[in-house]
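So the structure is just underneath, and the comments pick up after that.
Throughout, read-outs are computed from the coordinates displayed, never taken from laboratory work. Please read these numbers as outputs of a predicted model, since none were measured by experiment. For neighbour counting, all protein chains shown are included, and Cβ atoms are generated from backbone atoms with ideal geometry for every residue, glycine included.
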Amino acid sequence: MENARTFPIYRAAFSGLLAMFVSIGVTRFGFAPLVPALAKAGWYSAAGAFWLGTVNLAGYFIGAAAMRMWRRAFSVKPAVLLFMSLTAAATLGSGLNWGWAWFGAWRLISGIAGGVLMVLMAAAVVGRAPSAARGRVSGITFAGMGAGTAFSAILLPLLLSRGLVFTWLALGMVCVLATLAVAVMMPPSRIEPPPRHAAKGLPPRPVLLMITAYALSALGFIPHMLFLSSFAALGLHRGVAAGAMIAAWLGVSAMLGPPLLGRVADRFGFLPTLGSGYVVMGCGVALPLLVHAQIALIISAMAVGAIALGAVMLVAGAVAGMVPAERLSGDWGLATMVYAVVQAVVAAFFSHLFHATGSYQLLFGIGTAAMVVSALLILLTARMARR
């Protein structure tokens, strides 16, 4: 592994931003706004599009699991370019309405690429940053997720006015251009295999506790990601424009959250920043229970979007500070896998719960309780880590 002082870390960080932009922001989070258009055009039913999203999430889990189990040395840059290229191919291939098997295969491939790149960026960029700059570097890298989400929320309606095929081709070309930029910008580096005994077994107890808190935070994020816009538009009878405004603010805050929280983490530490962030996020989740004014819902969306996406960076940075470098891929891979599974289960559970009760308040209430537990677990994690 290169010395962190000589490794051109900010070139790698901006390369990571572009990798996260296309693999997570555009092709994963950007799929949800496309579902109504797919159903309206008759390509797939809304239920069918939901299951295609599930296939993508399964691929994400497979990619993260593969990275966690990988035990051979490899060059980072060719690996990043390979999986970004697969993401671009999957996006371009999705523009052809050739049936379930065709589309499902590409959604699976894009999910695998996203899972690999999520774990790889932590090991190749965050793990190599000097400890004093780890927050800034992590913030730049993982800001790509929010940037891709904001890009999708804002520009997809304009692209869809030209048709689904045009939209997929335009998104595919964005992925191609990002891949070419990374080919020029990213410095070469290698990841060496860990010693045979080093990465076996479960992570240390503080890391396991933090992963549990991270997974529980999905209960706070999902109600806002899936239901807050609908709550404003339908539950409060304010119309589609009001719901779209909230979605846009959530996306923008998700883009700004990681770099801002990274600065805070460099000064105060990753675990204290994560714990405080979960308190803020819990207040954001609870706000719609108390106040229904549009400005309050926008503040709520911004708080949750910034912290939920920033927590990815904070957890990755905290793991990098608590385990040896040879464990980082495995332990961060485990956190990524657990969060992916919990997020999928929670999304399905909340969808069924809302269908059964019709209550937005119940969803926000459960999310608030989960964030209280997450914050307490991070407090306990920090105490254990100090020992």
What ranking, highest mean first, results for peptides 250-260, 161-171, 374-384 when packing means the other Cβ atoms within 10 Å averaged over each residue? 250-260, 374-384, 161-171
Qualifying trypsin sites (Lys or Arg not before Pro) in region 69-152, DSSP loop, other Cβ atoms within 10 Å at most 14: Arg71, Arg72
Potential lengthening between Tyr10 and Asn97 on full extension [0.36 nm per residue; Cα-Cα distance subtracted]: 27.3 nm
If you count, for each residue, the other Cβ atoms within 10 Å and average over each peptide, how do 172-178, 308-314, 342-348 line up from highest to lowest? 308-314, 172-178, 342-348
For region 125-139, just list the computed ³J(HN,Hα) in residue order, Karplus coefficients 6.51, -1.76 and 1.60, θ = phi - 60°, integers in Hz, with x standing in for Gly and Pro. 10, 4, x, 9, 6, x, 4, 5, 10, 4, x, 4, 5, 4, x
Computed lengthening from Ala133 to Leu362, 0.36 nm per intervening residue step minus Cα-Cα distance: 78.4 nm
Pulled fully out, how much extra length does the chain show between Val184 and Ser75, if you take 0.36 nm times their separation in residues and subtract their Cα-Cα distance? 37.7 nm
If each part is reduced to its alpha-carbon centroid, region 333-378 and region 128-171 end up apart, in Å, by 24
Separation in nanometres of the label points that stand 7 Å from Cα toward Cβ, at Val165 and Leu379: 5.9
Students often get this wrong, so try it: which of (i) 1.09; (ii) 0.93; (iii) 0.95 is Rg/Rh (Cα atoms, Kirkwood Rh) as calculated from the structure shown? (iii)
